[in-house]
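Heads up, the thing below is written out as structure tokens.
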Amino acid sequence: MRLGLLFLFLGLLPLSAQNAQLAGMQQDLAELRTEIEKMKLENADLRVALSRQLAGKSPAASQGEALSKARAEILAEVDRRLKQQTDEVNAALAELTRQVNAALGKTGPVAPPKSGKAAEAPVAAEEGLPTDVPRSGSRYLVKSGDTVTKIAQRLGSKVDWILKANNIATPSALKADVEIFVPQPETSGR
């Protein structure tokens, strides 16, 4: 009998080992189920957070676009006003120049000669010129790159005459876009 019991015990031994193994597997399975449930809850929380973030971004994006449009409109308006003010300042400067010229005894604004050439009709010089400078001549609009020497050669004048007639201290003081008087000797063929 003992031997039978021993065989029975030895036969049950693998079964108990299998039962222990089965119990461990069941416990592992329960832990896995718990982990899966935790992950499902985290996933649901992440989805809710993502949907909140996306819902929150849409108004912010449209607000950003609206803000950008408003800034662009403001900049366009500032640009328009700046151009308008520049035009007004230029007009005021032209009027001031006219008034200064009138106060200095010069006639009103002379139409600028075409492409920097001398005016067609001869012009009489203002009073107060030195006696060695001819009284006849023409008005000339100085253009960029002109020198007193070039103007004198082109129009049959002298550097010294041009400087004296226009109260220019040195040839380097000649400025572009300024109308000057170019003295020219009277022709004897009149």
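The values are calculated or read from the model by the stated rules, or taken from the named source; none is laboratory data. Just so it is clear, the structure is predicted and the values come from calculations on it, not from any experiment. Every residue, glycine among them, receives a Cβ derived from its backbone with ideal geometry; neighbour counts consider all protein chains shown.
Counting the residues of the stretch 133-190 that are in contact (Cβ under 8 Å) with a residue 60 or more places away in the chain and more than 24 Å from THR97 (Cα to Cα) gives 1.
Screening THR107 against (1) outside any helix (DSSP H, G or I); (2) hydroxyl-bearing (Ser, Thr, Tyr); (3) at pLDDT 80 or above leaves a single unmet condition, (3).
Could you please let me know if GLU95 is on the phi < 0 side of the Ramachandran plot, at pLDDT 80 or above and not assigned by TED's automatic domain parsing to the domain that holds VAL178?
No; evaluated as a whole, the condition is false for this residue.
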